[in-house]
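Encoded as structure tokens, the structure appears first; notes follow it.
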Amino acid sequence: MSSELHQPLVRAQGITKKFGGFIALHQVDLDIAPGERVGLIGPNGSGKSTLVNCISGMLKIDEGNIFLTGNNITSLAPHARVHAGIARSFQIPRPFKSMTVLENIRVILNFSGEQRREASDKKSNEDKAIEILSGVGLLQKKDSLSGSLTQVEMRKLELARAMSANPRLLIADEALAGLSGTEVDEVLQLIMGMKAQGVSVLMIEHIMSAVMKFSERLVVLVAGNKIADGNPQEVISNPEVVKAYLGE
Ligand SMILES: Nc1ncnc2c1ncn2[C@@H]1O[C@H](COP(=O)(O)OP(=O)(O)O)[C@@H](O)[C@H]1O
Ligand SMILES: [Mg+2]
């Protein structure tokens, strides 16, 4: 066995996913190192969401395996993967609009605590919730109803909820969609800051300036096949990648 230091956090190996007779993913491999920021791009319908849904367990794969720090998690249910450290903002139920911002974080912290069979320590959960909310700049909104938040505040709350599950991998599928220019920068900074907390991030994004700022490694899917994986600058100048985007 290799040591945990050198093995990837997540290894998706030979992932094939079919919808009926349609092959949405064809033998896709993807490794994510601890703390690494990986960008995932590709034309619409190329299989990006399908791939992250396979990693988070929302979709069952037809062929291949998914490993988390060397353990095969291919047959683990989505909620078990959350507890193993894979958080996808859409996977955790969306914020409850009739709860306050603080309550939305508390329910996840309480639930995580129960799952780990730890003594439920309300005071430390409260402190933790405050810490997470101030990390995303939502502390002043803690007593507001989630339903009253603006779009960018809602996006920050979704990130805060994902972080409350104490993830090792955060999956952000178009987390910047629909935001204005300054809001994009703001949420991107928050997502990029997760590296400092040791969290790996897999980000699907269409805004190329954000992708290039974010990615330490860039992966390209076209029609269910991985056509490039590596240094972002090299990947976007790869002729096959350029060709794939010409039709867009
Ligand atoms: N649940 C599903 N049932 C049938 N086809 C699906 C399903 N989900 C995705 N697809 C198809 O698989 C392909 C990849 O979709 P998706 O992963 O959502 O693409 P992307 O996120 O790259 O835009 C598309 O052709 C889409 O229509
Ligand atoms: Mg998608």
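The values are calculated or read from the model by the stated rules, or taken from the named source; none is laboratory data. Not measured: the values here are computed from a predicted model. Because the Cβ atoms are built from the backbone with ideal geometry, glycine has one as well, and the counts that use them run over all protein chains shown. Protein only, heavy atoms only, side chains kept; ligands, DNA and RNA dropped before computing areas. Shrake-Rupley method; radii C 1.70, N 1.55, O 1.52, S 1.80 Å.
Structure notes:
- For the chain: relative contact order, % (alpha-carbon pairs under 8 angstrom, 6 or more apart): 27
- Max mean-square fluctuation residue, GNM over the chain, Cα-Cα springs under 10 Å, options L102, L139, L176: L139
- Of the trypsin sites (Lys or Arg not before Pro) found in segment 1-101, those that fall in a DSSP loop while having at most 15 other beta-carbon atoms within 10 Å are K60, K97.
- The chain - Debye-derived log10 I(q)/I(0), Cα point model, q = 0.07, 0.09, 0.14 Å⁻¹: -0.24, -0.40, -0.95
- The heavy atoms of M192 offer some 30 square angstrom of accessible surface to a 1.4 angstrom probe.
- When the C-alpha to C-alpha distance is required to be over 21 Å, the pairs from K48/K243; K128/K156; K48/K128 that qualify are K48/K128.
- Over all other residues within a Cβ to Cβ distance under 12 Å of M154, the charged ones net out to +3, with Lys and Arg as +1 and Asp and Glu as -1.
- Charge tally in the Cβ shell below 11 Å around A87, where Lys, Arg are +1 and Asp, Glu are -1, A87 excluded: +3
- Restraint check, K97/K226; K60/K142; K195/K226, Cα-Cα greater than 32 Å: K97/K226; K60/K142
- With 10 Å bins beginning at zero, the pair-distance distribution over Cα atoms of segment 165-231 amounts to 18, 52, 27, 2 %.
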